[in-house]
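No lab work stands behind these numbers, since they all come straight from the coordinates. Just so it is clear, the structure is predicted and the values come from calculations on it, not from any experiment. For neighbour counting, all protein chains shown are included, and Cβ atoms are generated from backbone atoms with ideal geometry for every residue, glycine included.
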Amino acid sequence: MKVVVTGGAGFIGANLCRELAERPGVQQVVALDNLSTGAAENLADINAELVVGSILDRSLLQDVVDGADAVVHLAARPSVPRSVADPVASHEANATGTLYVLEACRRDGIPVVAASSSSVYGPTPELPKHEGMATRPQSPYAAGKLAAESYVLAHGATYGMRTLALRFFNVYGPLQSVGHAYAAVIPAFVDAALRRQPLRVHGDGQQTRDFTYVGSVVRVIADAVERGVHHDRPVNLAFGSRTSLLGLIRKIESIVGYDLETVFEASRPGDVRDSQAADVQLRTLFPGREPMSLDDGLAQTVAWYRAAMRKPESQVSGMVA
Ligand code: NAD
């Protein structure tokens, strides 16, 4: 089969392209990416074609999607702080871009698996967050993701398309970018730890997250593509764990083998306090898929950043825009 991955040169996208390229049922992998936060080098050693361009270029998008057996839509401006700085650009990439992807797939009924986000749940104290809960987006990013997943489900209901909206939680692992103001927490902490610099914690560090190793995420997505999994409601893609940032720091400390210094800074607007996925839907649709543990995933992640830092032109700091 031919699979198109929008945002395929990004962190999750490039890991997914690698997973898809190794599946015997997949003959062709095409990544469409404007390289705004992704990098061509992320696909350098993978049997995947990279088309450089934007999902907002509808004619290019249609050309790339034509003949595909499935599209995985990951392209986005994936950051709460960036959306706070520029909500219109966030909406265009995340909501309008998703509508364009769905429209490009509609004529030929190409199945679409799309990335949504746990941020749509907002600050509700109830845990774990299950898909039947009311959503309360607290940032332009979360609002755009909710709009995007609504279009994904609406195209399923209205046009009979096979669509799947997956709510990712905090995904981490190799290829995740660091070295810019909007870096996610694990790469930021691991990078600081390896450079023996203080770890900057927003808030008191007691906030919790459901961290999911990228390998576990892309295996589920590739399963969805190969088995044609679709669903008429959003599905959490996380396995129901819950770790505080201070607990995370202790784990990184034990992996690197020395004490880490932390500095506490103000909380960021739009950040939620606690996050943990209900995983019943996920386990029903993908029985037998078990996640990598946080300890093992962090060890692999630290090893990857260590190796990347040793390269002459550091992939870690060089791959981000
Ligand atoms: P990423 O920034 O590494 O990947 C996004 C990719 O989309 C990048 O390669 C970027 O260049 C590309 N892109 C952006 N705008 C584009 C456009 N207009 N046209 C084509 N390509 C474009 O981020 P990621 O963490 O890999 O995120 C992938 C998806 O997962 C996003 O939809 C994001 O919202 C979602 N998500 C990620 C997380 C997480 O923890 N990483 C959590 C929730 C949701």
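Quick notes
- Each other residue within a Cβ distance under 12 Å of Ile186 adds +1 if Lys or Arg and -1 if Asp or Glu, for a net charge of +1.
- Between Val256 and Arg310, the FRET efficiency from the beta-carbon distance, with R0 = 22 Å, is close to 0.90.
- The order of Met1, Met292, going from fewest to most other C-beta atoms within 10 Å of their C-beta, is Met1, Met292.
- From the alpha carbon centroid of region 267-300 to that of region 1-43 is 22 Å.
- Taking the DSSP beta bridges with both ends in the chain, the antiparallel portion is around 5 percent.
- Here Arg162, Arg196 are placed in order of increasing Cβ neighbour count within 10 Å, fewest first, which gives Arg196, Arg162.
- Whole-Hz couplings from phi, Karplus 6.51/-1.76/1.60, listed for region 85-90; x for Gly and Pro: 6, 8, x, 6, 4, 5
- Structure remark: mean-square fluctuation, Gaussian network model of the chain, C-alpha springs under 10 Å; the largest value among Gln300, Gln176, Gln276 belongs to Gln300.
- Radius 11 Å from Cβ of Asn236, net charge of other residues (Lys, Arg +1; Asp, Glu -1): +1
- Under 5 Å, built H, 5+ apart or other chain: amide partners of Ser267: Gly203
- Within a Gaussian network of the chain (alpha carbon springs, distance under 10 Å), most fluctuating of Ser254, Ser83, Ser241: Ser254
- Volume in Å³ per residue [convex hull over Cα atoms, computed for region 67-164]: 92
- Distances between every pair of Cα atoms in the chain, grouped in 20 Å steps from 0 to the bin holding the largest one, split as 34, 60, 6 percent.
- Separation of alpha-carbon centers, region 194-234 and region 153-179, rounded to whole Å: 11
- Relative exposure of Ile186, Ile46, judged by other C-beta atoms within 10 Å (fewest first): Ile46, Ile186
- Full-extension gain in nm, Ala85 to Thr124, via 0.36 nm per residue minus C-alpha separation: 11.7 nm
- Selection from Gln176, Leu20, Gly288 lying farthest towards where the dipole of the chain points positive, charges on Cβ: Gly288
- Overall, the chain carries a charge dipole of about 360 debye about its Cα centre when +1 sits on the Cβ of Lys and Arg and -1 on the Cβ of Asp and Glu, all other atoms neutral.
- Between the Cα long axis of helix 11-21 and the first principal axis of the chain there is an angle of about 60°, rounded to the nearest 10.
- Extension gain, Gln206 back to Arg23 (0.36 nm per residue minus Cα-Cα distance, nm): 61.9 nm
- Within-13-Å neighbourhood charge of Met1 [Cβ basis; K, R +1; D, E -1]: +1
- 222 nm mean residue ellipticity, helices alone, for the chain (DSSP H n ≥ 4; -39,500 (n - 2.57); rounded to 500): -11500 deg cm²/dmol
- The residue list Ser117, Val3, Ile46 was ranked by how far each Cα lies along the charge dipole of the chain toward its positive end, using unit charges on Cβ atoms, and Ser117 comes out on top.
- A crude spin-label estimate for the pair Ser267 and Arg106, with each label 7 Å from Cα along the Cβ direction, gives 4.0 nm.
- Mean shadow area of region 1-79, taken as a quarter of the surface of its Cα convex hull (nm²): 4.5
- Theoretical FRET efficiency, 1/(1+(r/R0)^6), r = Cβ-Cβ of Asp57 and Met133, R0 30 Å, to 0.05: 0.25
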